[in-house]
Amino acid sequence: MASLALRDPEERADSFYRFSVKCDRLTNLKIASAARKAGMSVNSFVQRHFETILDVAPASLAAQPTRFDAPSFARRHNVTIQAANLWLSLSTHARNGLVQRSLKDLAADVGVPRVELLIERLVAAGTIEIVAPSSGLRPAIYRVPGEGEASPQPSGESP
């Protein structure tokens, strides 16, 4: 039987390491609930989060100013301030320009009971795109281009 402690660095290169996470019952319930909402197992959900801990922030997030000016964003894109705050929430949670969050979580982020109308306004303004609509328990996936990256304009219009 081979030893688990491999001395050769090349043999250890593809090894996997296991970590344990301690949490109280309430946190465990919250993690399990979030995993169900995401349509994932609890282990997959925690693993997905763990893989992002040491990731470097995407360039689009690094380029954004530290303070978001919702009124200016709303004027520039002809949307409400609540819609601007929803865009901020989506862009904050976006990874590689894509974000998948439940409508309930988005509404909690913005502090409103429903966000469907705000999402429609952001889509109409071209500030987000729906990549995949929601289906069953799976939340929709949105593409959130950085503010400098405009969505493609309809033909015949100039930017």
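Flag: PRO65 does not match the condition of being in the same structural domain as PRO145 (by TED's automatic domain parsing), loosely packed, with under 12 Cβ neighbours inside 10 Å and either at pLDDT 85 or above or in contact with a Phe, Trp or Tyr (Cβ under 8 Å, 6 or more places away or on another chain) (or both). Of all residues in the range 105-142, those satisfying the criterion of being in a helix (DSSP H, G or I) and in contact (Cβ under 8 Å) with a residue 12 or more places away in the chain are ASP105, LEU106, ASP109, VAL110, GLU116, LEU118, ILE119, ARG121, LEU122, ALA125. Once the range 127-148 is narrowed to residues that are out of contact with any helix residue (DSSP H, G or I) (no Cβ under 8 Å at 6 or more places or on another chain) and charged (D, E, K, R), the residue that is modelled with the lowest pLDDT is ARG138. Regarding ARG48, is this residue at pLDDT below 90 and assigned to a helix (DSSP H, G or I)? Judged against the criteria, ARG48 is a match.
The values are calculated or read from the model by the stated rules, or taken from the named source; none is laboratory data. Worth saying up front: this structure is predicted, and the values here are computed from it rather than measured. So basically every Cβ, Gly included, is an ideal-geometry build from the backbone, and we count neighbours across all protein chains shown.
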